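Let me begin by presenting the structure, written as structure tokens, before commenting on it.
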């Protein structure tokens with residue numbers, strides 16, 4: 001029996017669904033990545049390192065020495081370090097160097113930023129005073145770290161789950177419009193084609209970030225290591241999804257090759273074991 005020819009509109013619809021599924025998978029991958037980056041365990045330390053870099057660059061050695069002297073004289077008293085309007089106990093910073101102190105105070109600001117948002121964090125940043133030359137300075141700008149908040153994390157997670165539902169629906173449509181083992185292979189091909197660039201991007205990010213150097217500042221070491229580890233985790237995730245998709249494609253491809261052979265073998269066996277028809281007996285004498 002000859003296979004029925006599929007109507008042209010069905011083939012066209014399959015291609016359209018596949019293209020939209022590719023776009024939806026890439027979008028879901030980006031949203032998943034953003035949700036992972038804004039997860040508290042990653043977002044707060046990254047914000048801390050960035051803010052510490054800004055604070056350390058604004059505090060002179062003389063200003064830091066005065067704060068350290070105040071902390072040593074009154075360990076139970078409250079001290080602050082411009083340009084942040086944050087108070088800590090003198091015992092918390094006594095004996096720390098400027099980088100470590102900047103990280104401690106930046107961590108306090110990063111916690112407020114993550115829990116309450118950028119407006120609450122910016123309220124804790126003091127207006128800058130003129131520098132040693134009397135020139136005005138710009139206020140600390142949170143920059144991209146302003147997006148590393150719990151609210152953004154929740155938004156990205158919600159959008160990811162919505163996009164995931166769309167991906168599942170589109171892959172289901174691709175499978176429905178396919179035939180035979182194409183119902184297994186076609187969605188896998190779409191998934192592999194869409195996941196490959198995401199895996200490649202994060203693999204390149206890992207290489208670009210590199211590993212911390214010995215001569216880097218403490219906050220730079222922390223930031224580089226955090227970005228390196230996050231990119232590595234995302235690379236591992238997308239490589240795992242890509243591997244599953246490629247294995248899925250391979251199984252479907254092998255099955256497509258074996259199906260005609262199994263049918264041919266089945267017909268041969270059926271013919272071999274089917275008794276040959278007996279000739280009709282002639283009229284008796």
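Any read-out appearing in this document is the output of simple, stated calculations on the displayed coordinates, not a laboratory observation. The model shown is predicted, which means the values in this text are computed figures rather than measured ones. Heads up, the Cβs are rebuilt from the backbone with ideal geometry, glycines too, and the neighbour counts pull from every protein chain shown.
The table that follows gives values for the structure above.
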| read-out | value |
| --- | --- |
| 18 Å cut-off, amide nitrogen to a point 7 angstrom out along residue 126 Cα→Cβ, residues in region 38-72 | 51-72 |
| 171, 81, 124 arranged by Cβ crowding within 10 Å, fewest neighbours leading | 124, 171, 81 |
| Ranked packing of 235-242, 114-121, most packed first, by mean Cβ within 10 Å | 235-242, 114-121 |
| Scattering profile of region 131-230 at q = 0.10, 0.19, 0.24 Å⁻¹ [log10 I(q)/I(0), Debye over alpha-carbon scatterers] | -0.57, -1.10, -1.21 |
| Pairs of alpha carbons in region 195-244 whose separation is greater than 18 Å (percent) | 35 percent |
| Region 2-82 - Debye-derived log10 I(q)/I(0), Cα point model, q = 0.19, 0.20, 0.22, 0.25 Å⁻¹ | -0.94, -0.97, -1.03, -1.10 |
| Nearest-0.05 FRET efficiency for residue 183 and residue 151, computed from C-beta distance (R0 30 Å) | 0.15 |
| Segment residue 69-residue 11, length gained on full extension (0.36 nm per residue, minus Cα span) | 13.2 nm |
